[in-house]
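The values are calculated or read from the model by the stated rules, or taken from the named source; none is laboratory data. Here the structure is a predicted model, which is why all the values come from computation and not from measurement. All Cβ positions, even for glycine, are placed from backbone atoms using ideal geometry, and neighbour counts span all protein chains on display. These accessible areas exclude ligands, DNA and RNA; they are computed on the full protein's heavy atoms, side chains included. Shrake-Rupley method; radii C 1.70, N 1.55, O 1.52, S 1.80 Å.
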Amino acid sequence: MRATHSQALVAGAAGTVALRAFVALRNRVLGRAPPYAARHIAARLARSVFHRELSPVQARRWGDAMRAGYGPLLGVAWTLVRERASGSTLPAGLLLGVGVLGFELASLPVLRATESLHTWSAAEHAWLVAQTAVYGLVTEATLSALLR
């Protein structure tokens with residue numbers, strides 16, 4: 001059964017809330033926010049697109065706003081491909097996480113939203129894999145629950 005857009009938005013929002021909690025852990029363990037942190041992406045995009053420097057507080061707010069839209073919209077995008085992906089050997093939530101990971105690794109450096117991937121530490125790469133998996137698993141679990 002295909003989810004409605006409302007269900008997809010709710011599922012994506014749930015994944016985003018889980019991601020928010022995970023990001024706090026990630027930053028504590030790394031001792032800093034990695035280059036792909038929403039606040040860093042917001043600051044880089046504001047600088048390159050709007051020629052505007054953001055204060056740390058503004059960057060955090062812009063990053064939160066970007067994540068608040070991005071996560072639910074990814075939930076909607078997932079519902080459009082979810083049925084076709086049902087034959088995968090990966091669990092659906094992990095497949096979503098891998099898809100988000102691939103999208104972000106391909107798009108963020110090209111858009112100059114992050115530094116080059118080669119400048120990231122192994123730990124930063126590992127945390128990105130983990131956070132996209134968390135987002136995917138929670139989003140899919142929520143969507144599955146809403147469809148029951």
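Quick check on my filter: what residues within the stretch 5-39 are without any contact (Cβ under 8 Å) to a residue 24 or more places away in the chain and open to solvent by less than 70 Å² (accessible area, probe 1.4 Å)?
Selection gives A21, A24, N27, G31, A33.
What are the residues in the stretch 70-86 that are assigned to a helix (DSSP H, G or I) and open to solvent by 20 Å² or more (accessible area, probe 1.4 Å), if any?
Matches in the stretch 70-86: Y70, L73, L74, V76, A77, L80, V81, R84, A85, S86.
What's the number of the only condition in (1) more than 20 Å from T119 (Cα to Cα); (2) of a type outside the set (F, W, Y); (3) modelled with pLDDT under 95 that S48 fails to meet?
Here S48 meets the rest and fails (1).
Only residues in the stretch 87-110 that are surrounded by 17 or more Cβ atoms within 10 Å (Cβ to Cβ) count as the first member; pair them with residues that are not in a helix (DSSP H, G or I), Cβ under 6 angstrom, at least 6 apart or cross-chain, and list the lot.
Short answer, once both residue conditions are applied: L95/S88; L108/T114; P109/S116.
Is it fair to say G136 is part of a helix (DSSP H, G or I), at pLDDT 95 or above and in contact with a helix residue (DSSP H, G or I) (Cβ under 7 Å, 6 or more places away or on another chain)?
In short, yes.
Scan the stretch 116-131 and give yes if some residue there is under 22 Å from V49 (Cα atoms) and more than 13 Å from the chain's Cα centre (by Cα), otherwise no.
Yes, that holds for at least one residue.
Quick check on my filter: what residues within the stretch 125-148 are within 20 Å of P35 (Cα to Cα), out of contact with any Ser or Thr (no Cβ under 8 Å at 6 or more places or on another chain) and crowded, with 18+ Cβ neighbours inside 10 Å?
Within the stretch 125-148, W127, L128, Q131, T132, A133, V134 qualify.
Just for the stretch 40-64: of the residues that are farther than 22 Å from V110 by Cβ and under 18 Å from the mean Cα position of the chain (by Cα), which one is least open to solvent (accessible area, probe 1.4 Å)?
Among them, the one singled out is D64.
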